[in-house]
Amino acid sequence: MFLSLNFRQKLYNILRGAFIMQINLASFNPLAADISANAQAMIDLLRAPAPKADLLVLPEAALCGCPLFDLFDDKRLLAQTAPALKNIAKETKDTAVVLGIADRVNKEAATALAFIYKGKITKIYDCETVAFKGLNLQFVLGAPTDDTFSPDPDADAVLFLMARPYLKGNLAPRLDALKKYAKKHAQPCLMCNLLGGGDGMIFDGITAATDKKGNLVLLGEPFKEQVLTYDTGAAYKPVSYETAWQAELINALVFGLRDYVHKSGMDKVVFGLSGG
């Protein structure tokens with residue numbers, strides 16, 4: 001029996017739409033260079049009773065933490081990655097996990113991703129598409145800009161995993177870039193940035209999702225550990241981000257200082273202020 005190209009395309013779209021997936025976007029706050037502690041925190045997320053999902057998404061550099069500075073080239077640090085991934089893999093049963101790792105590409109230190117499902121570990125490099133539970137998911141290390149990678153027109157969703165420091169007023173432009181990319185390519189887009197206060201850097205941990213029309217449909221609270229669940233089969237209403245930059249900056253400074261103090265093990269802080 002001959003089926004017209006138009007009918008086959010419609011049938012394909014119907015069948016593809018039948019695959020529904022829950023994706024958890026985690027605002028993950030790692031300890032820089034403490035791979036064992038970060039791996040345990042990921043295992044705790046996988047063991048958590050709710051919310052359950054088909055895929056747990058963790059940001060770029062989630063396992064190694066950031067910033068690493070010269071530790072990024074330390075082979076002893078990189079050697080801890082494989083054992084940590086094996087421990088995480090033992091916990092992946094019905095839920096897969098994708099997470100950022102430190103790796104070596106062409107003998108140079110670089111970030112990559114590890115996709116783990118039912119005990120199997122697969123390394124993913126920038127802009128690779130993975131077929132998972134009937135959907136094609138493209139994983140991108142970095143922000144949603146066309147000039148840094150090749151879009152995949154066959155992807156059912158594009159996931160941007162980042163470790164980008166916060167700068168004053170940059171959350172709204174970052175979300176606008178996500179919406180612009182989604183609308184241009186008619187693809188749902190998800191964003192997951194690293195969270196934490198480090199040595200001179202603050203990571204906002206922003207998580208967000210758009211529909212294929214470019215509407216922002218899910219938005220996590222910045223500077224806060226949380227898990228945002230995106231359902232590929234759900235109908236969402238558009239949301240907006242309207243926080244004034246002054247309030248955003250205060251939240252960033254409070255979070256960044258508090259997180260840095262706690263991670264450094266300090267119990268007291270002395271401020272030296274000048275009136276000049």
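The values are calculated or read from the model by the stated rules, or taken from the named source; none is laboratory data. Remember, predicted model here, so these are calculated numbers, not experimental data. No Cβ is skipped: glycine too gets one built from the backbone with ideal geometry, and neighbour counts run over all protein chains shown.
Only one of the numbered conditions (1) surrounded by fewer than 16 Cβ atoms within 10 Å (Cβ to Cβ); (2) not in a helix (DSSP H, G or I) is not met by residue 176, and that is (2).
Would you check if there is a residue in segment 222-239 being free of Cβ contacts under 8 Å to residues at least 12 places away in the same chain and either under 29 Å from residue 63 (Cα atoms) or surrounded by fewer than 18 Cβ atoms within 10 Å (Cβ to Cβ) (or both)?
Scanning segment 222-239 turns up at least one residue that is free of Cβ contacts under 8 Å to residues at least 12 places away in the same chain and either under 29 Å from residue 63 (Cα atoms) or surrounded by fewer than 18 Cβ atoms within 10 Å (Cβ to Cβ) (or both).
Report the residue count in segment 114-154 for those that are hydrophobic (A, V, I, L, M, F, W, C) and in a loop (DSSP other than H, G, I, E, B). Residues meeting the conditions: 3.
Just need a number here: residues in segment 238-276 that are among the charged types (D, E, K, R) and modelled with pLDDT under 90.
Matching residues across segment 238-276 total 3.
Scanning segment 139-167 for residues that are at negative phi, in contact (Cβ under 8 Å) with a residue 24 or more places away in the chain and in contact with a strand residue (DSSP E or B) (Cβ under 8 Å, 6 or more places away or on another chain) yields a count of 19. Among the residues making up segment 96-134, those that are closer than 29 Å to residue 187 by Cβ, modelled with pLDDT of 90 or more, in contact with a helix residue (DSSP H, G or I) (Cβ under 9 Å, 6 or more places away or on another chain) and surrounded by fewer than 19 Cβ atoms within 10 Å (Cβ to Cβ) are 118, 120, 121, 134.
Scanning segment 88-113 for residues that are more than 15 Å from residue 58 (Cα to Cα), of a type in the set (A, V, I, L, M, F, W, C) and touching a residue at least 12 places away in the same chain (Cβ under 8 Å) returns 105, 109.
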